[in-house]
Ligand SMILES: Nc1nc2c(c(=O)[nH]1)N[C@H]1C(S)=C(S)[C@@H](COP(=O)(O)O)O[C@H]1N2
Ligand SMILES: [Mo]
């Protein structure tokens, strides 16, 4: 299933970091890593909500979400289970652009964000890390609708973190005044998840 990094690939990624982080193997496959059953959400029924430290619990349906600034990111993907995929095109909405439309609604005390998925999965990040240039809601993968097993209709993708820091089937974002561990963070995975530092598990 896994092959070694092909020799023709560049040594560095677009951020100037080693293309293949330590302890990773390159694959052309896209393994599905889901804990529990796959929730099937038709895009007509999909909704994104913000809650927690917000002045208004706003919701976006598919059509409203499509009106937000759309972007395509060419990126690699790193999973804690030691595989990396290279050079996919992810399309959707950068969190930093979404933030421009919601920041007036978010209490300044909010420092952390919990991603909640349809099906119950959660993962947490500091707000400042969510605002990183490349963190995005993705609905399109290599110019095709994101397959349901990979989180369609919409997932979060955090290119500079291991894969579990992006919830597939994203349903809501909860703004919080302090950090709180999400699903894998409660079950032994690192809270910081930097692949170049091999932050795989809690120390
Ligand atoms: N809702 C949900 N999101 C999730 C997961 C999950 O089990 N449920 N697994 C995480 C993990 S551990 C990884 S590595 C990536 C895997 O994404 P993929 O299945 O598209 O490869 O999704 C992350 N997001
Ligand atoms: Mo994972």
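FYI, it's all coordinate maths here, none of it is from the lab. As the structure is a computational prediction, the values presented were derived from the model and not from experiment. Cβ atoms come from the backbone with ideal geometry, glycine included; neighbour counts cover every protein chain shown.
In table form, for the structure just shown:
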{"quantity": "nm² value of the averaged projected area, convex hull over the Cα atoms of segment 21-76", "calculated": "7.4"}
{"quantity": "Least to most buried among 200, 155 (fewest other Cβ within 10 Å first)", "calculated": "200, 155"}
{"quantity": "Cut-off 20 Å (backbone N to label point 7 Å along Cα→Cβ of residue 81), residues of segment 142-178", "calculated": "147-152, 155-170"}
{"quantity": "Extended-chain gain in nm, criterion 0.36 nm per residue less alpha-carbon gap, residue 44 and residue 149", "calculated": "36.0 nm"}
{"quantity": "Gap separating the Cα centres of segment 161-196 and segment 116-160, nearest whole Å", "calculated": "11"}
{"quantity": "Contact order normalised by residue count of segment 12-118, Cα under 8 Å, 6+ apart, percent", "calculated": "27"}
{"quantity": "Residue-averaged 222 nm ellipticity for the chain, from DSSP H runs of 4+ at -39500 (n - 2.57), nearest 500", "calculated": "-2000 deg cm²/dmol"}
{"quantity": "Principal semi-axes in Å for segment 81-203 [√(5λ), Cα gyration tensor, largest first]", "calculated": "21, 19, 13"}
{"quantity": "For segment 15-134, alpha-carbon Rg over 2.2 N^0.38 Å", "calculated": "1.21"}
{"quantity": "Full-extension gain in nm, residue 58 to residue 187, via 0.36 nm per residue minus C-alpha separation", "calculated": "43.4 nm"}
{"quantity": "Pairwise centroid distance, computed over Cα atoms, of segment 64-85 with segment 22-55, Å", "calculated": "11"}
